[in-house]
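Only the coordinates and a few stated rules stand behind these numbers; no lab work does. Bear in mind the structure is a predicted one, so any value in this text is a computation, not a measurement. Positions of Cβ are generated from backbone atoms using ideal geometry, with glycine treated the same way; all protein chains shown enter the neighbour counts.
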Amino acid sequence: MRRETATASSRKADDHLVVLTPHNESIRQEYGEAFASWWKKSTGRGIHVDWRTPGGTSEIRMVLDAGFKAAEETGREGIGVDVFFGGGEPDFASQAKKGRLVPLRVFETQPEWFAEGGPIPETFTGERYFPPDHVWVGTCMSQFGICYSPDVLARLKLPSPTAWRDLGDPGYAGTLALADPTKSGSVARAFELLVQGEVLRALAENPADREAALEAGWASGLRLIQRMSANSRYFTDSASKIPQDVGQGNAAAGMCIDFYGRSYAHELRSPNGTPRVVWVAPVRGTTLSADPIGVLKGARNAEVAQKFVEFCLGPEAQILWFARPGTPNGPVGRALHRTPIRRDVYTPENLANSTMPGCDPYQDPGNFTYQGELTGRSFNTLRQLVKVMCIDSHEEMKSAWRALREAGMPADALAVFSDVSIIPYSTGGRGDPRFDGSDALQTAAHAARIGGWFRANYRKAERMAKGNPKL
């Protein structure tokens, strides 16, 4: 009863490819089969694609660090893995900086794909889709947004959210679902974009005093993260848990990457056919970032790896990202609900056969242009700050938030709860070296100090809200 497969078994294969990826099973299955068919047609040879999935990009980073360290110590070339496929641009930029990625041949064999006005732009919405040294390239695009349950929002008497700020409404208390930025680079980028949106707003409101606007926008972003975190039920390590809980009515809304939101919106419907999950891109609150691919240094199957990259960027493989199952060049099993990186596949015919017929990211006016110089250096600082400010002290935070709501949000107690002055933009917005440094003991001590400060503030705010400031 097993369906026929184009991927050869490891023992019978003529060629092999080892791919390290955070991509889900559907993507691995569809791209593995499609590449095997393409390889057979192109070369007449069978291939076995060996997918390695240790977890998210944080886990993959640890695998790469350990593997290359061991290779360096033993004098080996490479770590037994050919391709790194999927994740965020910061993850690939980090590996490139460490010299672990090699130039991609597709830039030489298909230069027209990357030329000015070609199908794959170098940058879009301020995000880079390939670097000048050509050691990685985006294969599709991702954006974080909001998934919500229309039924739960109706029960809570809340309007449909359209912006990140909406999720800070106290009416969401105990009903939000958020992800842990220390476990995922893409989640960390979502928090950075949230903060940058507030920074851009402040700069627009106060263009005459740039430094003051940067400080105000940074503080506003941190306070929004606080309010959202205080409303949250949990911080999960599993990106798919959020839309699933929203669809089952266990959460009103959550922070969710586009393809998970669209997948659950497509699959989870009420008996009358209406969706139980809706995904939206927050207005002026997100960008379209690349989901890249790269060939690792010392790859045993380097020739095959380079061909796999070229295959992934070709028009047929690009259509696979968003086509409906059974349509031309579409998936065999399940729809992938991803946005291709090539501009030229967003044709009326392809869109009609896609799972998102109204989607053309290159024509979407709702995005903002990312400015890396504003918050880019705070990327790691922010993920650590969210951990100590919100995750480690989540119980104290939620207890204080409950007391504040019950007391009618008294201004003095709310000011203590929302005090983020311990890490201003001048320190955190430009990358706090005590969070970003290589000294683990210094980082731990700094995190403990910052976390203790926030925890004490939450307890004090709760006492003030209850009318017992000295207890």
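The table that follows gives values for the structure above.
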{"read-out": "Nearby aspartates and glutamates by direct alpha-carbon distance to K157 (threshold 14 angstrom, same-chain neighbours under 8 apart not counted)", "value": "D166, D169"}
{"read-out": "The chain, relative contact order in percent, only Cα pairs under 8 angstrom and at least six apart counted", "value": "19 percent"}
{"read-out": "Descending Cα extents along the principal axes, the chain, whole Å", "value": "78, 60, 48"}
{"read-out": "Loop-exposed GluC sites (Glu not before Pro) per DSSP, neighbour cap 15 Cβ within 10 angstrom, longest uninterrupted part of the chain", "value": "123-471"}
{"read-out": "Percentage relative contact order, the range 173-236, counting C-alpha pairs under 8 Å, at least six apart", "value": "52 percent"}
{"read-out": "P(r), alpha carbons of the range 43-154 - 10 Å bins starting at zero, rounded %", "value": "10, 33, 31, 18, 6, 2, 0"}
{"read-out": "Rounded to whole Hz, the Karplus (6.51, -1.76, 1.60) HN-Hα couplings of the range 387-397, x for glycine and proline", "value": "4, 7, 7, 10, 7, 5, 10, 4, 5, 4, 4"}
{"read-out": "Alpha-carbon centroid distance for the pair the range 129-153 / the range 232-264, whole angstrom", "value": "16 Å"}
{"read-out": "Share, in percent, of DSSP beta bridges within the chain that are antiparallel, nearest 5", "value": "65 percent"}
{"read-out": "Other-chain or far-sequence residues with amide H under 5 Å of H16's (modelled H)", "value": "H48"}
{"read-out": "Whole-number percent relative contact order across the range 302-416, with pairs defined as alpha carbons under 8 Å at least 6 apart", "value": "14 percent"}
{"read-out": "Compactness of the range 318-454 as Cα Rg over 2.2 N^0.38 Å, two decimals", "value": "1.60"}
{"read-out": "At most 13 other Cβ within 10 Å, DSSP loop - trypsin sites (Lys or Arg not before Pro), the range 389-471", "value": "K470"}
{"read-out": "Label-to-label distance, nm, for residues given as T327 and D169 (7 Å Cα→Cβ offset)", "value": "3.4 nm"}
{"read-out": "Sorted largest first, extent of the range 5-68 alpha carbons per principal axis (Å)", "value": "37, 24, 18"}
{"read-out": "Per-pair calculated FRET efficiency, R0 = 25 Å: T274 and K157 via Cβ, rounded to 0.05", "value": "0.85"}
{"read-out": "Lysine pairs in the range 1-115 with Cα atoms under 21 Å, if 8 or more residues apart or on separate chains", "value": "4"}
{"read-out": "Per residue Cα convex hull volume in Å³ - calculated over the range 120-169", "value": "112 Å³"}
{"read-out": "Globularity index of the range 388-454, i.e. its alpha-carbon radius of gyration over 2.2 N^0.38 Å", "value": "1.31"}
{"read-out": "The range 65-143: trypsin sites (Lys or Arg not before Pro) in DSSP coil with no more than 12 other Cβ atoms inside 10 Å", "value": "K98"}
{"read-out": "Inter-part distance where the range 396-471 and the range 282-302 are each reduced to a Cα centre, Å", "value": "35 Å"}
{"read-out": "Tensor-based shape of the range 125-263 (alpha-carbon gyration tensor, a/c under 1.5 rounded, otherwise prolate or oblate)", "value": "oblate"}
{"read-out": "Cys residues of the chain counted as unpaired, since no other Cys beta-carbon is under 4.7 Å", "value": "C140, C312, C359, C390"}
{"read-out": "Label-point separation, D133 to E211 (7 Å along Cα→Cβ), nm", "value": "3.5 nm"}
